[in-house]
Amino acid sequence: MLSFGVTDSKVSSPSDISPGATLGRMQFPVYATLLTDIRDTVLTITVNRPDALNALSSRVIEDLEHCLAAVSEVLTNDDGAWPVRGVIITGAGKAFVAGADIREMTAMSPDEAHAYSSRMHGVTLAIEQLPVPVIAAVNGFALGGGCELAMACDLIYAVSTASFGQPEVSLGLVPGFGGSVRLPRYVGQGLARELLFTGRRLNAEEAQRAGLVTALFDTVEELLDGAHSTVVLVGRQSPAAVALVKQTLSATQGMTTADGLAVEAESFRAAFATEDKVEGTRAFLAKERPNFPGR
Ligand code: DAK
């Protein structure tokens, strides 16, 4: 089991420990490449390598692995406390993330590249498996691995100057962090193929029209406020139900309609075993605001 900066356990983290944001009983370490901030019940993770446009070095990946595992552990073990109701991922400076770290990739062997790709796949799956929504707040360039990181999130919000693309073929590479799988799901096969074959970038408006971006904002401040407001809205709903909805959406991707409906029926069954369902339906009939136990 991972251990974090919890008062009564040994701290282990990829970075030297000094106090970071506090989540339930857990305190994040200060990461070399990430900033963490918790306001209300919203955790914001900022990729913080602005000099390299937040490129996904192995260190960034290691820090993301640790941070997401920490959040998952707290949410799984806090017995309905839900200290976080949503996560925002953004970037420091003018980029969200300008891709995998090209400098680091120049020295990689094919086997090392495979391991690098698998680790980042793990990060994208960890985002999908978190029981709370994750919003990519795209504040600038989201290219290659950056676009792939955004697509692993539940929602993509963007500032109007953001741009998106998968330029791997211009480097003699192919997408390695999920772009070949997730981009067609967002924008359809035709546009995905065009973007992946040409490396052409989409500006924020085009990305919104294509279905990649859900909401556009004029400034980065408005972008972060908009993402924050969405998490606050989520926070008024049943945490158990939101987690089940997210789980169902992830599990049914790519299934046939019949198989997907079978998963949905199981999820519906699971909702009926929660205290949140008892409270939500009771409160509706009593014309009260629900006070969800979160279980
Ligand atoms: N990696 C490393 N450094 C980067 C970087 C990146 N992806 N992007 C930018 N930088 C660095 C620049 O080298 C520069 O560093 P210095 O020269 O100052 O030391 C600094 O960030 C500022 O960048 P620029 O000077 O270029 O800034 P501009 O505003 O002029 O241009 C730009 C911004 C985003 C248009 C430009 O930086 C750019 O084109 N960047 C590269 C974008 C890109 O091609 N991204 C895709 C990377 S490839 C795989 C696993 C993973 C992947 C593929 C396969 N397998 C295991 C199979 C993933 C691939 C990718 O993501």
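Taking the C-alpha atoms only, the angle from helix 110-129 to the longest principal axis of the chain is near 30 degrees. With a simple spin-label model that places each label point 7 Å from the Cα along the Cα-to-Cβ direction, the separation between Arg119 and Asn77 comes to 2.4 nm. Cα-based radius of gyration for region 92-169, normalised by 2.2 N^0.38 Å, reads 1.15.
The base-10 log of I(q)/I(0) for region 75-221, evaluated at q = 0.19, 0.21 Å⁻¹, reads -1.13, -1.32 [Debye formula, identical scatterers on Cα atoms, solvent excluded]. If a spin label sat at a point 7 angstrom from the Cα of Met255 along the line to its beta carbon, the backbone N atoms of region 263-295 nearer than 20 Å would be those of 263-274.
Using the Cβ-Cβ distance between Val169 and Asp37 with R0 = 30 Å, the FRET efficiency computed as 1/(1 + (r/R0)^6) comes to roughly 0.25. According to the Kirkwood relation over distinct C-alpha pairs, the hydrodynamic radius of the chain is 19.9 Å.
Helix 275-285 and the longest principal axis of the C-alpha atoms of the chain enclose an angle of approximately 70°. Considering the zone a paramagnetic label at Val181 would reach in this model (a point 7 Å from Cα along the Cα-to-Cβ line), which residues of region 124-154 have amide N under 17 Å from it? Under cut-off, by backbone N: 124-130, 145-154.
First check a/c for region 153-295, with a ≥ b ≥ c the square roots of the eigenvalues of its C-alpha gyration tensor; if it is under 1.5, answer rounded, and if not, answer prolate when a/b is larger than b/c or oblate otherwise. Judged from the Cα gyration tensor, region 153-295 comes out oblate (a/c at least 1.5, b/c at or above a/b). The angle between the Cα long axis of helix 220-234 and the longest principal axis of the Cα atoms of the chain comes to about 30 degrees, rounded to the nearest 10. Over every Cα atom in region 226-295, the radius of gyration and the widest Cα-Cα span, Dmax, amount to 13.9, 40 Å. Per-residue extension of 0.36 nm, minus the Cα-Cα distance of Asp225 and Ala273, leaves a gain of 13.8 nm for this segment. From the alpha carbon centroid of region 211-231 to that of region 244-292 is 27 Å.
One Cα centroid belongs to region 23-101, the other to region 121-199; the line between them spans 18 Å.
A short reminder: the numbers here are calculations on the coordinates, not readings from a lab. Values in this document were obtained by computation on a predicted structure and should not be read as measured data. In this analysis, Cβ positions are derived from the backbone assuming ideal geometry, glycine residues included, and neighbour counts consider all displayed protein chains.
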